[in-house]
Amino acid sequence: MSPKEFRSIVRESEWTAVSSGACQGYAQANVVILPKEYAFEFLLFCNRNPRPCPILDVTEPGDPHPKLMAPGADLRTDVAKYRVYKDGEIVDEPTDIIKYWRNDLVGFLLGCSRSFAWALEAANIRYRHYSAYRSNIPCNPAGSFHGPMVVTILAFYNAHDAVRAVQISSRHLLMHGPPIHIGDPAEIGVESLGKPDSLFPDRPVAEPPKAGEIVMCWGCGNTLETVAMESKIPFMIIHCSCYELVTDQLAEELAVL
């Protein structure tokens with residue numbers, strides 16, 4: 001179905017699952033909503049940390065419609081599940097945020113790796129996907145915003161597929177770009193791939209890497225969770241992990257030519 005059709009069934013609460021398989025080929029976006037007084041600091045934070053937080057669109061204060069990426073979308077209703085943070089603590093996980101919306105709120109759409117995953121699949125690249133994990137790589141702070149980077153980890157069966165994955169993801173700079181680490185994840189603070197990170201206990205994990213497999217780590221939009229918790233912004237709304245907003249733009253339209 002088209003992104004508009006998909007968003008309409010999310011808006012009517014007829015879709016409650018994750019968005020990862022929806023609208024093949026279309027870019028999906030991580031969503032952040034916060035008060036105008038913190039918007040510039042967050043914009044600066046994203047500018048300093050483009051790998052985990054590449055910016056796709058920013059709304060005007062009080063306007064829930066992302067006019068560049070999905071003009072007909074409504075950030076208050078078109079994500080199947082949200083997380084509401086107050087002072088770094090999760091206080092609610094609603095299916096819409098109409099009751100939380102205020103005239104001073106600014107919405108950010110950030111690139112998501114689901115978008116370049118379409119390109120990997122189109123190239124017949126085989127890999128195993130691991131959960132999101134907190135790394136020991138600190139994000140570059142900006143104003144009130146700081147925290148460790150979260151990474152998405154993929155294991156490739158051979159060098160050919162690994163090289164192709166680097167080439168393809170490097171074209172998708174607005175979807176986290178190339179990997180930030182290749183090799184043993186323990187070198188960036190991820191000690192075990194056999195169990196999920198405590199911050200993401202519900203995320204599925206794969207078997208530990210096998211001999212000969214090539215493991216690579218990408219910046220991940222789940223960094224927003226660690227930033228919300230550590231920065232303790234008074235009020236901040238984030239999409240629930242894996243429940244992204246589907247935009248009207250094809251991932252390939254946003255790729256580097």
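The values are calculated or read from the model by the stated rules, or taken from the named source; none is laboratory data. Source: prediction; values computed, not measured. Note that we place each Cβ from the backbone using ideal geometry, even for glycine, and neighbour counts take in every protein chain shown.
See the values below:
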{"item": "Some residue of the stretch 163-178 being farther than 16 Å from Gly111 by Cβ and part of a loop (DSSP other than H, G, I, E, B)", "result": "no"}
{"item": "Pairs, first part of a loop (DSSP other than H, G, I, E, B) in the stretch 229-257, second β-branched (Val, Ile, Thr), C-beta under 6 Å, six or more apart", "result": "Cys242/Val18; Tyr243/Val18; Tyr243/Val79"}
{"item": "Qualifying residues in the stretch 219-228 (those that are polar (S, T, N, Q) and assigned to a helix (DSSP H, G or I)) - the one nearest to Ser169 (Cα to Cα)", "result": "Thr223"}
{"item": "Among (1) farther than 15 Å from Leu173 by Cβ; (2) not in a loop (DSSP other than H, G, I, E, B) - the single one Pro64 does not satisfy", "result": "(2)"}
{"item": "Tally, over the stretch 179-190, of residues that are farther than 17 Å from Cys53 by Cβ and assigned to a loop (DSSP other than H, G, I, E, B)", "result": "4"}
{"item": "Check on Ser241, hydroxyl-bearing (Ser, Thr, Tyr), out of contact with any Asp or Glu (no Cβ under 6 Å at 6 or more places or on another chain), in the same structural domain as His65 (by TED's automatic domain parsing) and within 24 Å of Asn136 (Cα to Cα)", "result": "yes"}
{"item": "Among (1) over 17 Å from the mean Cα position of the chain (by Cα); (2) among the hydrophobic types (A, V, I, L, M, F, W, C); (3) at pLDDT below 95 - the single one Phe116 does not satisfy", "result": "(1)"}
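Each row is one residue, and each column tells you yes or no for (1) in a strand (DSSP E or B); (2) more than 19 Å from the chain's Cα centre (by Cα); (3) among the hydrophobic types (A, V, I, L, M, F, W, C).
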site: Ser192; (1), (2), (3): no, yes, no
site: Pro196; (1), (2), (3): no, no, no
site: Pro209; (1), (2), (3): no, yes, no
site: Cys217; (1), (2), (3): yes, no, yes
